[in-house]
Amino acid sequence: MTSESAKKSPMTILKNIHAEYLEPILQHHRHSVNNLLQILREAQEHYGYIHADAIDHLSVALSVPRAKIEGVAGFYSFIYLQPRGEYRVLFSDNITDRMLGNQGLLTSLCSQLWVEPGKISEDGLVSIATTSCTGLCDQGPAMLVNNIAVNRLTQERINAIAELIRERVPLAAWPADFFAIEDNIRRKDILLSTELTPGAALSAALQRSIEATLHEIKTSKLRGRGGAGFSTGMKWELCRNAPGDHYVVCNADEGEPGTFKDRVLLNSYADKVFEGMTVCARVIGARKGFLYLRGEYRYLFDHLQAVLSRRRQQNLLGQGILGCADFDFDIDIHLGAGAYVCGEESALIESLEGKRGTPRNRPPFPVTNGYLDQPTVVNNVETFAAASLIALNGGDWYAAIGTSVSSGTKLLSVSGDCAHPGIYEYPFGTSVAQVLADCGASDTQAVQISGASGVCVAAQEFGRCIGFEDLPTAGAFMVFDHSRDMFEVARNFVHFFAHESCGFCTPCRVGTSLLSNMMDKFSHGHGSPYDFAEIENLNGLLQSMSHCGLGHSACNPVLDTIAKFRPAYDQRMVHQGYVPAFDLDRALSQARQMTGRDDTGAHLERDHESK
């Protein structure tokens, strides 16, 4: 064996294998470290995970330290540095999925495939774990298989999936109805019912001056639909007046449990969203825009790329849009990779720049120092869709809808204990009771407005209205009837926050973990009045010291349910004095199982009582 190829070591050959698929990806992303997350995501889609030798290659190609690449990869739950199985199954573990029986289905699939939850099968075929929320609360239980959504899980469907995995059937050959995601639109108003010919809103905007278009947005009193409700017109104006290269970013990272309206807008109303982004670009003078799409919506990626391609062919994107020589603008899609905190605008920008999605200190704000430290408008999907209608029909038309404080309409993602879950569009000012009647809810105990970080509304409050002056919401509307334990609802939300904390600041990283431990303590029957005081103290610390909104709102579901559903806690509080959270007898349960002993003498508490 004298040829050069025969002299190559196995390590060299392996590195060449990685170079073979990495180089086209790097070329597509112009060898830019700002695209590191997209490079990692595409590399993983090709190889299954990010191999150590692939990191070496990327380190050289991008001129960045290996530690930085590993740090970015390790931040995102959908990026893997170790093999995770040929089939990577993630069950959605939102509270609505639990209400629909996801736990039993997960156990069944694990049993059929001989794999423990959270682990990889011995043959490397499959891994099964959970993820927080897939945005399919209206048609769950749901799961992701290799980041592609499968909905409406039943025992029969789980049995079929187990067989498909055992037979190593490629996902492309699985039954199409497994992946059939419905819009489930139940009520339409101006946003969902208005027909918009692609380019119509943009043409109307171009017939006005830039200042006049901005005036219409301000006249409409449109406020951000992500929950915070900042004035859209003011945000655009602040960005327009800031010096530098301007950018438009659409936040499609709707990770709040119970929210799925953006999924529907992007699936069936993408032109309105992209048109609104393009109108914004005209106003602020941007040449580049980004749609940041949550990783759980990977199945929408090709569809959205096709819409963008068509709009370029129609001269609605690209150079000289609609014959306007000084109007160049285009949009790229960046996919997230499983990080709830990237829904916060500054964390999203960090992720867009190929970094860990850690929220920034503010000020400065993105309108002056956003993407690449340049002036950037970040609005969510629904806000841009509404802006396209305002550009078409004018600000006065829009401001006449809703209330004096909250103009226009709001999309609600309705899920939980109701006959007709799905998307409902209402003018602001609509009561909770009206929504419950329309969705077929009965015997309702509570409604969680705006997801885990929002507010829990009890029956006596159902006369309250959706609006910034009363119940602001990013869109989630989760219904719970009297069969539900509101303690367990709050406990699920608390574990969600602990799991999704980015870990950047100590108060949030430690505080959310302590809070989840306290809720587990109550669940195990060791709660006491002392714990209520500790939760109040912890909330004060999180409110005052957390770096971003995740920590600020982590205690909300607990405090709300304690105030409104105290019996759910009292029935778990069997002690009036302090009781430690650690239970030695419970900790020894695994040892008892291994030894096959469960008699009185094997239990510390029982042994103590017998004496």
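Examine segment 51-73 for a residue that is of a type outside the set (Gly, Ala, Ser), closer than 30 Å to THR130 by Cα and under 20 Å from the mean Cα position of the chain (by Cα), and state whether such a residue exists. Yes, some residue in segment 51-73 is of a type outside the set (Gly, Ala, Ser), closer than 30 Å to THR130 by Cα and under 20 Å from the mean Cα position of the chain (by Cα). Of all the criteria given as (1) over 23 Å from the mean Cα position of the chain (by Cα); (2) part of a helix (DSSP H, G or I); (3) at pLDDT below 95, the one not satisfied by GLN82 is (2).
Examine segment 276-296 for a residue that is at pLDDT 95 or above and in contact with a Pro (Cβ under 8 Å, 6 or more places away or on another chain), and state whether such a residue exists. Yes, segment 276-296 contains at least one residue that is at pLDDT 95 or above and in contact with a Pro (Cβ under 8 Å, 6 or more places away or on another chain). If ARG223 satisfies all but one of (1) more than 24 Å from GLN374 (Cβ to Cβ); (2) in contact with a Cys (Cβ under 9 Å, 6 or more places away or on another chain), what's the number of the condition it fails? The number of the failed condition is (2). The residue that is farthest from THR358 (Cα to Cα), among those in segment 19-52 that are in a helix (DSSP H, G or I), polar (S, T, N, Q) and in contact (Cβ under 8 Å) with a residue 24 or more places away in the chain, is GLN44.
Just one of the numbered conditions (1) under 15 Å from the mean Cα position of the chain (by Cα); (2) surrounded by 24 or more Cβ atoms within 10 Å (Cβ to Cβ); (3) within 30 Å of ALA172 (Cα to Cα) is not true of ASN380; which one? Only one criterion in (1) under 15 Å from the mean Cα position of the chain (by Cα); (2) surrounded by 24 or more Cβ atoms within 10 Å (Cβ to Cβ); (3) within 30 Å of ALA172 (Cα to Cα) is unmet by ASN380, namely (3). Determine whether segment 512-520 contains at least one residue that is without any contact (Cβ under 8 Å) to a residue 24 or more places away in the chain and part of a loop (DSSP other than H, G, I, E, B). No - not one qualifying residue is present in segment 512-520.
Table: residues versus (1) at pLDDT 95 or above; (2) hydrophobic (A, V, I, L, M, F, W, C); (3) crowded, with 19+ Cβ neighbours inside 10 Å; (4) under 28 Å from PHE468 (Cα atoms).
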residue: PRO170; (1), (2), (3), (4): yes, no, no, no
residue: TRP174; (1), (2), (3), (4): yes, yes, no, no
residue: ILE190; (1), (2), (3), (4): yes, yes, no, yes
residue: LEU202; (1), (2), (3), (4): yes, yes, yes, no
residue: SER209; (1), (2), (3), (4): yes, no, no, no
residue: THR232; (1), (2), (3), (4): yes, no, yes, yes
residue: LEU238; (1), (2), (3), (4): yes, yes, no, yes
residue: PRO243; (1), (2), (3), (4): yes, no, no, no
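Report whether or not ALA441 is under 27 Å from LEU542 (Cβ atoms), among the hydrophobic types (A, V, I, L, M, F, W, C) and crowded, with 19+ Cβ neighbours inside 10 Å.
Working: under 27 Å from LEU542 (Cβ atoms): no; among the hydrophobic types (A, V, I, L, M, F, W, C): yes; crowded, with 19+ Cβ neighbours inside 10 Å: yes.
For ALA441, the condition - under 27 Å from LEU542 (Cβ atoms), among the hydrophobic types (A, V, I, L, M, F, W, C) and crowded, with 19+ Cβ neighbours inside 10 Å - is not met.
Candidates THR154, THR130: the one that is farther than 21 Å from SER77 by Cα and either surrounded by fewer than 19 Cβ atoms within 10 Å (Cβ to Cβ) or in contact (Cβ under 8 Å) with a residue 24 or more places away in the chain (or both) is THR154.
The values are calculated or read from the model by the stated rules, or taken from the named source; none is laboratory data. Note that the structure is predicted; figures quoted are calculated from it, not measured. Neighbour counts run over all protein chains shown; Cβ positions are idealised from the backbone, glycine included.
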